[in-house]
1. Residue check: is Q196 part of a helix (DSSP H, G or I) and away from ligand 1 (no atom under 16 Å from the Cβ)?
2. For segment 106-123: of the residues being of a type in the set (K, R) and more than 16 Å from ligand 2 (Cβ to nearest atom), which is farthest from the chain's Cα centre (by Cα)?
3. Could you list all residues from segment 210-242 that are modelled with pLDDT of 95 or more, buried (at least 16 other Cβ atoms within 10 Å of the Cβ) and within 23 Å of E73 (Cβ to Cβ)?
4. With respect to the numbered conditions (1) surrounded by 20 or more Cβ atoms within 10 Å (Cβ to Cβ); (2) among the aliphatic types (A, V, I, L, M); (3) out of contact with any Pro (no Cβ under 8 Å at 6 or more places or on another chain), which one is the sole condition not fulfilled by I129?
5. Could you say whether any residue in segment 309-319 is part of a loop (DSSP other than H, G, I, E, B), more than 28 Å from M192 (Cβ to Cβ), among the charged types (D, E, K, R) and in contact with a helix residue (DSSP H, G or I) (Cβ under 8 Å, 6 or more places away or on another chain)?
6. Residues in segment 43-50: is at least one among the hydrophobic types (A, V, I, L, M, F, W, C) and either loosely packed, with under 13 Cβ neighbours inside 10 Å or under 30 Å from K175 (Cβ atoms) (or both)?
7. Being of a type in the set (F, W, Y) and under 21 Å from F314 (Cα atoms) narrows it down to one of Y115, Y153, Y148, so name that one.
Amino acid sequence: MLTLEKNIDIFVKKYLITPENIWQPTDFLPNPQSDNFIEEVEEIQELSKDMDDDFWVVMVGDTITEEALPTYESWLLDVEGISQMNNENSDNGWAKWIRLWTGEENRHGDVLNKYLYLSGRINMREVEITTQHLIADGMDIGTGRDPYKNFVYTSFQELATYISHNNVAKIARKKGHKRLAKMTKIIAGDEMRHHQAYTEFVKQIFQHDPSEMMLSFQYMMKHKIIMPAMHIRHSKGQKGELFSQFSSVAQRAGIYTGFDYVDIIKKLNSIWDIDKISGLTSEAEKARDYLMKLPERLYRITERIEVPDTKYVFKWMKPLKL
Ligand SMILES: [Fe+2]
Ligand SMILES: [Fe+2]
């Protein structure tokens with residue numbers, strides 16, 4: 001972490017964008033200062049009627065996942081090697097990276113939340129309660145404070161969010177929901193850029209410490225990548241009660257499926273050239289073989305899993321009664 005930290009400014013310049021030069025939520029929303037505002041909102045509401053409940057449930061899940069950003073920032077600031085206080089009482093390069101990344105991420109929940117509100121399809125109060133619970137419930141992604149494992153997690157998760165937002169964009173475009181398509185497409189673009197940054201960190205760690213990096217990658221794959229919304233619940237519900245229903249809906253809507261999970265592992269194997277990494281201990285060599293065979297094995301398992309067709313009741317979709 002100390003070695004990589006020396007290049008933080010290069011990473012920031014290459015992978016992050018300053019607030020003045022990046023898109024902002026307002027760019028994709030009706031302008032409340034304009035005379036056309038109401039008309040534009042009506043158009044959104046009209047188009048939103050055509051999208052089915054499964055679609056909106058996934059949109060809500062994606063929004064809540066982004067809105068739980070305080071959880072991710074506080075988690076990452078606690079990783080070994082990342083410090084808000086070094087000897088000179090100022091933060092280190094990694095803390096700066098995390099804060100700048102958080103700033104970028106903050107726009108995702110912001111724009112999605114405003115869009116849900118304008119759509120007229122969602123019980124926002126229920127969504128707000130779910131978000132508050134999710135932040136309070138926190139997460140345990142199984143990485144501990146280990147930076148290697150955390151960077152495997154972020155490499156994976158940024159790509160997973162890319163896939164999810166990008167699939168929403170495709171569905172929205174097909175339904176003529178141009179504004180929503182543009183918005184989710186640009187969010188997906190951010191996630192891809194973040195994914196590239198985190199995979200670059202791992203790539204560089206592989207050069208310095210190949211065996212330990214390999215073992216960390218294997219560890220994360222064996223324990224499976226836990227979704228950040230693992231504890232999702234309704235108002236008055238139990239911690240985590242909604243997660244399996246939500247993930248079934250995301251699968252049948254074709255927004256994030258078990259096959260996407262396998263494809264991400266395949267992609268990480270190829271980005272990190274897992275098959276070509278040499279100079280490994282015998283234990284790390286075994287880990288490499290495990291990782292190379294994993295996508296094929298998981299693919300076969302995924303093929304056998306049936307996604308339920310059940311009509312679940314989500315409070316987010318029920319009319320608000322005040
Ligand atoms: Fe995001
Ligand atoms: Fe991201």
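1. Details: part of a helix (DSSP H, G or I): yes; away from ligand 1 (no atom under 16 Å from the Cβ): no.
Considered against the rule, which asks whether it is part of a helix (DSSP H, G or I) and away from ligand 1 (no atom under 16 Å from the Cβ), Q196 comes out as no.
2. Among residues in segment 106-123 that are of a type in the set (K, R) and more than 16 Å from ligand 2 (Cβ to nearest atom), the one farthest from the chain's Cα centre (by Cα) is R121.
3. S216, M220, I225, H231, I232, R233
4. The one condition I129 does not meet is (1).
5. Yes, because at least one residue in segment 309-319 is part of a loop (DSSP other than H, G, I, E, B), more than 28 Å from M192 (Cβ to Cβ), among the charged types (D, E, K, R) and in contact with a helix residue (DSSP H, G or I) (Cβ under 8 Å, 6 or more places away or on another chain).
6. Just the residues of segment 43-50 that are among the hydrophobic types (A, V, I, L, M, F, W, C), to begin with: 44, 47.
Next, from what is left, pick out any that are either loosely packed, with under 13 Cβ neighbours inside 10 Å or under 30 Å from K175 (Cβ atoms) (or both): 44, 47.
The answer is yes, given that some residue of segment 43-50 is among the hydrophobic types (A, V, I, L, M, F, W, C) and either loosely packed, with under 13 Cβ neighbours inside 10 Å or under 30 Å from K175 (Cβ atoms) (or both).
7. That would be Y115, the only listed residue that is of a type in the set (F, W, Y) and under 21 Å from F314 (Cα atoms).
Conditions (1) more than 16 Å from ligand 1 (Cβ to nearest atom); (2) β-branched (V, I, T); (3) in a helix (DSSP H, G or I), marked per residue:
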site: E158; (1), (2), (3): no, no, yes
site: T161; (1), (2), (3): no, yes, yes
site: K185; (1), (2), (3): no, no, yes
site: Q207; (1), (2), (3): yes, no, yes
site: M214; (1), (2), (3): yes, no, yes
site: Q218; (1), (2), (3): yes, no, yes
site: H231; (1), (2), (3): yes, no, no
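The values are calculated or read from the model by the stated rules, or taken from the named source; none is laboratory data. All values derive from a computational prediction rather than experimental measurement. Heads up, the Cβs are rebuilt from the backbone with ideal geometry, glycines too, and the neighbour counts pull from every protein chain shown.
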